[in-house]
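Notes for the one structure printed next.
The values are calculated or read from the model by the stated rules, or taken from the named source; none is laboratory data. Computed from a predicted structure; not experimentally measured. Here the Cβ is made from the backbone with ideal geometry for all residues, glycine too, and neighbour counts use every protein chain on show.
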């Protein structure tokens, strides 16, 4: 029963079926908006534009494909399949590397090259021809075994091992990866913790964030390069414990790296308003930036940070004027224009518009599986290189008796059969 189960798990049909199944899943992970990779506004807008598909995406967990339980189950099955196949392949290759397969059932995999009457002189001449062709020989009683390019037999095993390591990396990534999306205005600085993110997604074994680390957006610029609109964001990461500080100007696909953290420029929509709130019985505090331009226009509706209020702002880019409504449930607390530096009173809260600055969205990624994935990728490339650079070939010439007659039987094997046969024909002409 166990043997049949193992045969089923390591079957080629199962591995091909799982790989085919992964194609639409990975497509969904790259085409559908994923939690923690884009802004909450983008996800909400997409769901509103595709209400039926949006519900199916939420129910099926397609909004966080790479950390979903079913995706990890698929990868676990594929890992087990590939691990068992690699184990069998490694054992078979080890037997072949020692030449032991000549005396086992695998000897039938040789194809016959030549059969002639046996003579010691002919066997010795064939030995000289093989040495001239660069074959490494092992001799026995009335037999010669030669091979070359033998490192090439390990190419498939190394390739499979690389795929197994890649799958291990994918599982570790799915279980412990973190994606977080935050929106910062120019000059804003936030501690790196769960509360700093507008949207986040993390694996079930994610151990937590960096401690004593602060992120800051120093500024963002927009300029044209030919027909392209280029946006750059100058960011800083500070480790208050060690005093280390890293600065970088982010561009598309050029992240900042810091102790396992990768920060990408993810989004840039428009200006952001910075509010300062004084709550009852507490000193004033910076409540954070609010993005003033949604993708559907200039009308921004949001929860006013640090207060129980909902607010709506109409921002007019031409003269940088703002009109604001503040609601406490269904009651309008304030409605009218608001200027930079102006303070309005809502119940017992004092709300001051401190500044309107440029805004950008940042994607922060922790993925502790990256070294494992790179190791698997390198092993896979190495396996392909070994298979391409080394062409394993072997020849076995031996004395056999048939119907009372001694015959010199020559059998062999080569990965590229036609090339191997061409080489043998050349050797046979020299042998005479």
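Yes/no per residue for (1) at pLDDT 90 or above; (2) exposed (fewer than 15 other Cβ atoms within 10 Å of the Cβ); (3) in contact with a strand residue (DSSP E or B) (Cβ under 7 Å, 6 or more places away or on another chain):
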{"residue": "318", "(1), (2), (3)": "no, yes, no"}
{"residue": "330", "(1), (2), (3)": "no, yes, no"}
{"residue": "346", "(1), (2), (3)": "no, no, yes"}
{"residue": "351", "(1), (2), (3)": "no, no, yes"}
{"residue": "359", "(1), (2), (3)": "no, no, yes"}
{"residue": "372", "(1), (2), (3)": "yes, no, no"}
{"residue": "387", "(1), (2), (3)": "yes, no, no"}
{"residue": "398", "(1), (2), (3)": "yes, no, yes"}
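Only one of these conditions is not met by residue 368: (1) crowded, with 18+ Cβ neighbours inside 10 Å; (2) assigned to a strand (DSSP E or B). Which number is it?
(2)
Among the residues of the stretch 315-333, how many are outside any strand (DSSP E or B) and within 14 Å of residue 271 (Cβ to Cβ)?
To start, the set of residues in the stretch 315-333 that are outside any strand (DSSP E or B) comprises 317-320, 329-330.
So of that shortlist, the ones also within 14 Å of residue 271 (Cβ to Cβ) come out as 317-320.
Qualifying residue count, the stretch 315-333: 4.
If you go through the stretch 295-308 one residue at a time, do you hit one that is part of a strand (DSSP E or B), surrounded by 17 or more Cβ atoms within 10 Å (Cβ to Cβ) and modelled with pLDDT of 85 or more? Write out each step before concluding.
Taking the stretch 295-308 as the starting set, the residues that turn out to be part of a strand (DSSP E or B) are 297, 299-303.
Okay, now just the ones that are also surrounded by 17 or more Cβ atoms within 10 Å (Cβ to Cβ), so 300.
Now drop any that are not modelled with pLDDT of 85 or more, which leaves none.
The answer is no, given that none of the residues of the stretch 295-308 is part of a strand (DSSP E or B), surrounded by 17 or more Cβ atoms within 10 Å (Cβ to Cβ) and modelled with pLDDT of 85 or more.
Assigned to a helix (DSSP H, G or I), in contact with a helix residue (DSSP H, G or I) (Cβ under 6 Å, 6 or more places away or on another chain) and either within 27 Å of residue 85 (Cα to Cα) or touching a residue at least 12 places away in the same chain (Cβ under 8 Å) (or both): is that true of residue 57 in this structure?
Working: assigned to a helix (DSSP H, G or I): yes; in contact with a helix residue (DSSP H, G or I) (Cβ under 6 Å, 6 or more places away or on another chain): yes; either within 27 Å of residue 85 (Cα to Cα) or touching a residue at least 12 places away in the same chain (Cβ under 8 Å) (or both): yes.
Taking the combined requirement at face value, the residue satisfies it.
Could you tell me whether any residue of the stretch 195-217 is surrounded by fewer than 17 Cβ atoms within 10 Å (Cβ to Cβ) and under 25 Å from residue 82 (Cβ atoms)?
Yes, the stretch 195-217 contains a residue that is surrounded by fewer than 17 Cβ atoms within 10 Å (Cβ to Cβ) and under 25 Å from residue 82 (Cβ atoms).
Return the residue satisfying two criteria in turn: it lies in the stretch 71-99 and is loosely packed, with under 12 Cβ neighbours inside 10 Å and assigned to a helix (DSSP H, G or I), and of such residues it is nearest to the chain's Cα centre (by Cα). Even if it seems obvious, please write down each step before you answer.
Taking the stretch 71-99 as the starting set, the residues that turn out to be loosely packed, with under 12 Cβ neighbours inside 10 Å are 73, 91, 98.
Subset that is assigned to a helix (DSSP H, G or I): 73, 91.
Numbers: 73: 17, 91: 30 Å.
Restricting to residues being loosely packed, with under 12 Cβ neighbours inside 10 Å and assigned to a helix (DSSP H, G or I), the top hit is 73.
Tell me yes or no: at least one residue of the stretch 17-38 is without any contact (Cβ under 8 Å) to a residue 12 or more places away in the chain, touching a helix residue (DSSP H, G or I) at 6+ places or on another chain (Cβ under 6 Å) and surrounded by 14 or more Cβ atoms within 10 Å (Cβ to Cβ).
Within the stretch 17-38, not a single residue is without any contact (Cβ under 8 Å) to a residue 12 or more places away in the chain, touching a helix residue (DSSP H, G or I) at 6+ places or on another chain (Cβ under 6 Å) and surrounded by 14 or more Cβ atoms within 10 Å (Cβ to Cβ).
Can you name every residue in the stretch 196-225 that is within 22 Å of residue 240 (Cβ to Cβ), under 26 Å from the mean Cα position of the chain (by Cα) and not in a strand (DSSP E or B)?
196, 197, 207, 208, 209, 210, 211
Select from the stretch 141-180 the residues that are in a strand (DSSP E or B) and within 29 Å of the chain's Cα centre (by Cα) and list them in ascending order. Quick ask: steps written out before the conclusion?
Filtering the stretch 141-180 down to residues in a strand (DSSP E or B) leaves 143-148, 178-180.
Selection gives 178, 179, 180.
Under 25 Å from the mean Cα position of the chain (by Cα), modelled with pLDDT of 85 or more and surrounded by fewer than 17 Cβ atoms within 10 Å (Cβ to Cβ): does that describe residue 52?
So residue 52 does not fit the description; no.
Count, please, the residues in the stretch 7-53 that happen to be part of a helix (DSSP H, G or I) and out of contact with any strand residue (DSSP E or B) (no Cβ under 9 Å at 6 or more places or on another chain).
To start, the set of residues in the stretch 7-53 that are part of a helix (DSSP H, G or I) comprises 7-9, 12-31, 40-49, 51-53.
The next check asks that each one be out of contact with any strand residue (DSSP E or B) (no Cβ under 9 Å at 6 or more places or on another chain); those that pass are 7-9, 12-31, 44, 46-49, 51-53.
Looking only at that region, the number is 31.
Got a number for residues in the stretch 390-427 being within 16 Å of residue 125 (Cα to Cα), over 44 Å from the mean Cα position of the chain (by Cα) and either assigned to a strand (DSSP E or B) or outside the structural domain of residue 133 (by TED's automatic domain parsing) (or both)?
Adding up the residues that qualify gives 8.
Going by the conditions given, is residue 170 buried (at least 16 other Cβ atoms within 10 Å of the Cβ), without any contact (Cβ under 8 Å) to a residue 40 or more places away in the chain and not assigned by TED's automatic domain parsing to the domain that holds residue 137?
Details: buried (at least 16 other Cβ atoms within 10 Å of the Cβ): yes; without any contact (Cβ under 8 Å) to a residue 40 or more places away in the chain: no; not assigned by TED's automatic domain parsing to the domain that holds residue 137: yes.
No: the conditions fail for residue 170.
Regarding the stretch 109-128, can at least one residue be identified that is under 30 Å from residue 162 (Cα atoms), assigned to a helix (DSSP H, G or I), touching a residue at least 60 places away in the same chain (Cβ under 8 Å) and in the same structural domain as residue 409 (by TED's automatic domain parsing)? Break it down stepwise before answering.
Quick first cut of the stretch 109-128, residues under 30 Å from residue 162 (Cα atoms) only: 109-110.
Now restrict to residues that are assigned to a helix (DSSP H, G or I): 109.
Adding the requirement that they be touching a residue at least 60 places away in the same chain (Cβ under 8 Å) leaves 109.
Filter again for in the same structural domain as residue 409 (by TED's automatic domain parsing), leaving 109.
Yes.
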